[in-house]
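Encoded as structure tokens, the structure appears first; notes follow it.
The values are calculated or read from the model by the stated rules, or taken from the named source; none is laboratory data. Please read all numbers here as calculations on a predicted model, not as lab measurements. Don't worry about glycine lacking a Cβ; one is built from the backbone with ideal geometry, like all the others, and counts go over all protein chains shown.
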Amino acid sequence: MKGIFLATVTALAVSVSVAHAADKPAVVYDQAGKFDKSFNEGVYDGIMKYTKESGVKVREFEPKNEAQVEQGLRRLAKRGYSPIVAVGFTMTSSVQKVAKDFPNIHFTLIDSVVDLPNVESIVFKEHEGSFLVGALAAMKSKTGTVGFIGGMDIPLVRKFGCGFEQGVKYVAPNDTVIQNMTGSTGAAFNDPTKGSELAKSQFSQGADVVFAAAGGTGIGVYQAAADAGHYAIGVDSNQNHLHPGVMLSSMVKRVDQAAYNTFKEAAAGEWKPGLQVLGLAEDGVDWALDDNNKSLVSADMEAKLADIKAKIISGDIKVHDYMSDSTCNY
Amino acid sequence: MFDTLIIMLDATLRVSTPLILAALAGLYAERSGIVDIGLEGKILGSAFAAAAGAAVFGSAWIGLACGVLASIVLALIHGFACITHRGDHIVSGVAINTIVAGLTVTLGLDWFGMGGQTPTLSGDQRFTEITLPFADALRDVPVIGQIYSNLLSGHNIIVYLAFLMVPATYWIIYKTRFGLRLRAVGENPHAVDTAGISVAWIRYRALIVCGILCGIAGAYLSTAHNAGFLKDMSAGKGYMALAALIFGKWRPVPVLFACLLFGFLDAVAVRLQGVVIPGMGEVPVQLIEVLPYVLTVLLLAGFIGKAVAPKAVGRPYVKERA
């Protein structure tokens, strides 16, 4: 009798603590800030959706510099927030450290991998999505030259560029792809002035479609494209609405869905650690088609892209992943 | 090749414009004896005010006025701390930079609810490109036509204003009574005071001019070069301008060339990326990024020679009392 009672109490206590933990979700954005109209804003959208449905507020933290990332994670963990979603590869080492110190707190890291029993890592097959928009850019380009503008010069960003190049070459083997990086620090994701200069430079070299994988820097790129009357392709979130008629499409990374699912699973007690790789087959990446860019994409182009997408999913087209060997030989 | 050069020079003009305005602003302040490390903050503050003003009132000119006003207020705060209360110029300047970096985002969040950004500006809310007369007709004339139509024409009005400010500043500093007194206050305020001229009033006036020029530079960033305000969008231009000011030895024309050099290196950096150089392969981004700074150090060390600041710069003026 006593045993049963104890077991019940323990079970109750556990269920209460689980429910309690699920009621305290938190998120740490990266330095580009939650309104970068791109990657972080995607996470923000997912959180808004979750809050609307469940009524649970998500504690948010925006670090002002790199040193604050670990501090912020640690403070949230100390206060018992769980799960804590860490947005962006820059948090990898901080999550590694903090997750070790708080084994009972669940962490979800987006865009990078940490192998610990209380960390869920979500990464995307950006090369597959970039391949699609690359193919689209090649179909739309009249000059036979397209451009890629990356943010910070890191393998993850090169992965976008490499996938894009492969997509372009798949459709038009003789097309030129100009690739530029904005910089070598985190600030490169938030420098629209440089982005617009890079875009203007690419336009002057003949590019008429540019793809920016550069967070907030992209805003400058799209503006330059709008001013010059060329086309641009957005990234991470669906950015088609920023300049209707200029934005050819967006390479959507469903970070919103990833964040939403994390909180949802945690609330239901189904949160699991480990690695999740989301590609075209899992709807983790895709190209965006909506009212804002419908007029720019012909039915023929749409059909061709659907065909390419199916081929990538079935494995008929192999898209090389830059991060697998740090080269872009395919 | 020639086309590429024209395109790079064209980019140079665009990138140098805020540097020129800010460096001239610093020139007025420092020539009067006020160290102004707060150029950065004033640019950022006015960039925000200009974008906010343009978004609300629908006119780039009203935006410019808002930006200039915000920048003058910041300059006067700096003056109040440094001139009236004889505070440390560097501390006051850094304080202004820090306050503005936080305040712009906070106000932006409150007013527009777009994460510290202002709405994207379009049409009349921005300064648009001006085509100079006959530019289209002359486009096909070799060399001269290209220079006129592609390089000189097709900028917004602030770019032309910035370049006009250089001779204007030269004239004010060297040819007017105000300029003479301004320089004197920076070198030997006691002598000026002895002549019965208020040191504080001259320095305040210098700071107001400084505020106006920084305000134009900020408005250029958010309403001409870009289309809206983003947090930290000044991205160190105030500090670059300060470096250009020292580089140009506190004189308008050399300062102009220093700014143009910085702008040109920036344009080259953008252009050189991904270019394959024989024997080296593709140039890494990092090498190109560091190029302007390395060149600055080399030029400063080897060619420019000693840069002598105005003698009384950074020192509060205290009237001697018997």
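The residues on offer are B:G154, B:G145, B:G196, and the sole one that is surrounded by fewer than 22 Cβ atoms within 10 Å (Cβ to Cβ), more than 30 Å from B:L132 (Cα to Cα) and either modelled with pLDDT under 95 or within 14 Å of another protein chain (Cβ to nearest Cβ) (or both) is B:G196. For segment B:1-21, residues that are within 14 Å of chain A (Cβ to nearest Cβ), under 10 Å from the mean Cα position of the chain (by Cα) and of a type outside the set (V, I, T) total 3.
Here's the yes/no breakdown for (1) assigned to a helix (DSSP H, G or I); (2) over 22 Å from B:C66 (Cβ atoms); (3) among the charged types (D, E, K, R):
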position: B:L121; (1), (2), (3): no, no, no
position: B:L132; (1), (2), (3): no, yes, no
position: B:L161; (1), (2), (3): yes, no, no
position: B:C210; (1), (2), (3): yes, no, no
position: B:G215; (1), (2), (3): yes, no, no
position: B:S222; (1), (2), (3): yes, no, no
position: B:G228; (1), (2), (3): no, no, no
position: B:A235; (1), (2), (3): no, no, no
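For segment A:61-98, a tally of residues being assigned to a helix (DSSP H, G or I), modelled with pLDDT of 90 or more and more than 22 Å from the chain's Cα centre (by Cα) returns 8. From the set of residues in segment B:299-313 that are part of a helix (DSSP H, G or I) and surrounded by 11 or more Cβ atoms within 10 Å (Cβ to Cβ), which is modelled with the highest pLDDT? So the residue we want is B:L299.
Taking segment B:242-285 as the range and being at pLDDT below 75 and in contact with a Gly (Cβ under 9 Å, 6 or more places away or on another chain) as the test, the residues that pass are B:E282, B:V283, B:V285.
Candidates are the residues of segment A:147-184 that are among the hydroxyl-bearing types (S, T, Y) and within 9 Å of chain B (Cβ to nearest Cβ); the one that is farthest from A:A228 (Cα to Cα) is A:S184.
Each row is one residue, and each column tells you yes or no for (1) more than 23 Å from A:A207 (Cβ to Cβ); (2) touching a His at 6+ places or on another chain (Cβ under 9 Å); (3) crowded, with 18+ Cβ neighbours inside 10 Å.
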site: A:K272; (1), (2), (3): yes, no, no
site: A:A281; (1), (2), (3): yes, no, no
site: A:D290; (1), (2), (3): yes, yes, no
site: A:N293; (1), (2), (3): no, no, yes
site: A:K304; (1), (2), (3): no, no, no
site: A:T327; (1), (2), (3): yes, yes, no
site: A:Y330; (1), (2), (3): no, yes, no
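Counting only strands (runs of 3 or more DSSP E) wholly contained in segment A:189-306, the ones carrying 1 or more residues that are of a type in the set (A, V, I, L, M) and within 14 Å of chain B (Cβ to nearest Cβ) occupy A:209-213, A:231-236, A:247-253.
When you look at A:L132, is it within 19 Å of A:Y322 (Cα to Cα) and either modelled with pLDDT of 95 or more or outside any loop (DSSP other than H, G, I, E, B) (or both), yes or no? Answer is yes for this residue. In segment B:268-283, is there at least one residue being surrounded by 19 or more Cβ atoms within 10 Å (Cβ to Cβ) and more than 10 Å from chain A (Cβ to nearest Cβ)? No, every residue in segment B:268-283 fails to be surrounded by 19 or more Cβ atoms within 10 Å (Cβ to Cβ) and more than 10 Å from chain A (Cβ to nearest Cβ).
Among the residues making up segment A:87-104, those that are touching a residue at least 24 places away in the same chain (Cβ under 8 Å) and surrounded by 22 or more Cβ atoms within 10 Å (Cβ to Cβ) are A:V87, A:G88, A:M91, A:S94, A:V95, A:V98.
Answer yes or no as to whether B:G38 is of a type outside the set (A, V, I, L, M), surrounded by fewer than 24 Cβ atoms within 10 Å (Cβ to Cβ) and at pLDDT below 95. It is false that B:G38 is of a type outside the set (A, V, I, L, M), surrounded by fewer than 24 Cβ atoms within 10 Å (Cβ to Cβ) and at pLDDT below 95. Please verify whether segment B:88-105 includes one or more residues that are under 18 Å from B:R203 (Cα atoms) and not in a helix (DSSP H, G or I). Scanning segment B:88-105 turns up at least one residue that is under 18 Å from B:R203 (Cα atoms) and not in a helix (DSSP H, G or I).
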